[in-house]
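Presented below is the structure to which this report refers.
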């Protein structure tokens, strides 16, 4: 479970995380990196985010130094990751494990949710409500960052949608001001396993960085490979270090990329 870090302890924890991360050997680890809240700051909406050019340069350098063993592990679709990080096209897990792309351009993905269920879920996005959505096909994300007063209404609407389609096995993945409704049994932990089963990741020690409860399954999967986890802003069970913010994660990546 995630535990918040007291503000007066955050800088000490961050310094320790920086020290541990700086000792990593890119030639022997596999970098598995969450995106929103980890590599980049959370924006007002999924489309209102910034990916610094210095971050792209650090990722490109680490991708080379690790022999290609660097992947993005995100809730976003892979097409969005390519748009945000262009011109980079990195190995990636998208949609919390629903999509996988390794060293070529082939993207494997699970089946979409029925269109009637997705339309039912999107009925919650009323004009002027401030609620925003992502229809990823295999899942629907309802964001209320700009409308926190609608949290309970959305929760009830999602439960009602699931009850209206009992034959579809779905689960709700809560995140930072978002409810994502997806097929049951798909998570970032399976995404980590999928990546680690293939070259150039196989046989390396995975190093995962994440920030949210949506990353819990990825943290849990690390033990199967003797991996290390680093969290951002809060502590998860078993992590090696806690970065204070995405800015500090970016700094750690830049330092290691150019060491």
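Quick notes on this structure:
- For the stretch 50-59, the set of residues classified as in contact (Cβ under 8 Å) with a residue 40 or more places away in the chain and either surrounded by fewer than 21 Cβ atoms within 10 Å (Cβ to Cβ) or within 17 Å of the chain's Cα centre (by Cα) (or both) consists of 52, 54, 55, 57, 59, listed by residue number.
A quick yes/no check of all residues on (1) more than 19 Å from residue 43 (Cβ to Cβ); (2) in a loop (DSSP other than H, G, I, E, B):
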{"site": "117", "(1), (2)": "yes, no"}
{"site": "124", "(1), (2)": "yes, yes"}
{"site": "127", "(1), (2)": "yes, yes"}
{"site": "145", "(1), (2)": "no, yes"}
{"site": "154", "(1), (2)": "yes, no"}
{"site": "162", "(1), (2)": "yes, no"}
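Results for (1) surrounded by fewer than 17 Cβ atoms within 10 Å (Cβ to Cβ); (2) touching a strand residue (DSSP E or B) at 6+ places or on another chain (Cβ under 8 Å); (3) touching a residue at least 24 places away in the same chain (Cβ under 8 Å); (4) within 19 Å of residue 90 (Cβ to Cβ), shown as yes or no for each residue.
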position	(1), (2), (3), (4)
198	yes, no, yes, yes
201	no, yes, yes, yes
210	no, yes, yes, yes
214	no, yes, yes, no
217	no, no, yes, no
222	no, yes, yes, no
233	no, yes, yes, no
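- Of all the listed residues (169, 135, 116, 123), the sole one being closer than 23 Å to residue 81 by Cβ and either outside the structural domain of residue 49 (by TED's automatic domain parsing) or surrounded by fewer than 14 Cβ atoms within 10 Å (Cβ to Cβ) (or both) is 135.
- Applying the criterion of being part of a loop (DSSP other than H, G, I, E, B) and under 17 Å from the mean Cα position of the chain (by Cα) to the residues of the stretch 228-243, the residue that is modelled with the highest pLDDT is 239.
- Boolean, residue 223 is part of a helix (DSSP H, G or I) and under 17 Å from the mean Cα position of the chain (by Cα): no
- Count of the stretch 75-113 residues which are closer than 12 Å to residue 136 by Cα, touching a residue at least 40 places away in the same chain (Cβ under 8 Å) and surrounded by 12 or more Cβ atoms within 10 Å (Cβ to Cβ): 8
- Members of the stretch 181-204 that are outside any loop (DSSP other than H, G, I, E, B) and in contact with a helix residue (DSSP H, G or I) (Cβ under 7 Å, 6 or more places away or on another chain): 181, 182, 188, 189, 190, 191, 192, 193, 196
- Residue that is farthest from residue 110 (Cα to Cα), among those in the stretch 161-172 that are over 22 Å from the mean Cα position of the chain (by Cα) and free of Cβ contacts under 8 Å to residues at least 40 places away in the same chain: 163
- Flag set for residue 217, criterion: closer than 30 Å to residue 119 by Cβ, assigned by TED's automatic domain parsing to the domain that holds residue 102 and in a helix (DSSP H, G or I).
- Filtering 24, 70 for residues that are buried (at least 22 other Cβ atoms within 10 Å of the Cβ) and over 12 Å from the mean Cα position of the chain (by Cα) leaves a single hit, 70.
- Looking across 141, 159, one residue alone is buried (at least 21 other Cβ atoms within 10 Å of the Cβ) and at pLDDT 95 or above. It is 141.
The values are calculated or read from the model by the stated rules, or taken from the named source; none is laboratory data. Everything quoted here is computed from the prediction, not taken from an experiment. For neighbour counting, all protein chains shown are included, and Cβ atoms are generated from backbone atoms with ideal geometry for every residue, glycine included.
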